[in-house]
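First up is the structure itself, then whatever we jot down about it.
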Amino acid sequence: MLKIVLDGASSLREASKEVELPLSAKDQETMKEMLDYLIKSQDPEFLKKHPNVRSGVGLAAPQIGINKRMLVVYFLDDPESNHYTTYVLANPRIVASSVKQSYLEGGEGCLSVPKPHEGYVYRHYKVTVSAVDGLTGNPILIKERGFGAIVLQHEIDHLDGILFYDRIDKNDPFKKLPGAVSI
Ligand SMILES: [Zn+2]
């Protein structure tokens, strides 16, 4: 079971290094373990047995104390078909983004930040991300909007040592940004 490092740990504040390509078996194994952790963190039966585990939709390697540019995303995007958006990425990079901004109405949370931080985190509504797929080792180009785009930007921030609350306006946490889309 992976151990999540918490706010205050130095690995959360360091810029992470690019992952060496082609992917090593060890880095691929780490990414698989990270995805496995997220999947389990959303399983009610697992949570019953592990009350200290919090549910998450994204996890970046610095959150397990590894300063390499790797992240995973896993969330239910369509309850009707039970479809999950799943990304296992090495060296993700935002190559295009919308001017339009968006934010989560309820604010963001983070597995590494137990303390709640209230306020809006504004992010690009749409992003295009280039990366290497951690499972296949192939290059991948992702286009996401809305919730998926927010999760990707939150996780990529981790690779640069940025936590979500850094982006909340301390003087006016619920400041309205004209044109921003509430998710
Ligand atoms: Zn986080």
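The values are calculated or read from the model by the stated rules, or taken from the named source; none is laboratory data. Quantities reported herein were computed from a predicted structural model and do not represent experimental measurements. Quick reminder, even Gly has a Cβ in these numbers, built from the backbone with ideal geometry, and neighbours come from all protein chains shown.
Here are the numbers for this structure:
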quantity	calculated
Segment 29-87: number of residues that are loosely packed, with under 14 Cβ neighbours inside 10 Å, closer than 19 Å to V5 by Cβ and among the aliphatic types (A, V, I, L, M)	0
Any pair with Cβ under 8 angstrom, 6 or more apart, that starts in segment 141-166 at a residue that is within 20 Å of K100 (Cβ to Cβ) and ends at one that is among the charged types (D, E, K, R) and assigned to a loop (DSSP other than H, G, I, E, B)	I150/E108; H154/E108; F164/E108
Any hit, segment 8-17, residues being of a type in the set (D, E, K, R), within 16 Å of the ligand (Cβ to nearest atom), under 17 Å from the mean Cα position of the chain (by Cα) and at pLDDT 95 or above	yes
Total residues in segment 31-64, condition outside any strand (DSSP E or B), touching a Leu at 6+ places or on another chain (Cβ under 9 Å) and of a type outside the set (F, W, Y)	19
All positions within segment 9-28 that are free of Cβ contacts under 8 Å to residues at least 40 places away in the same chain and surrounded by 13 or more Cβ atoms within 10 Å (Cβ to Cβ)	none
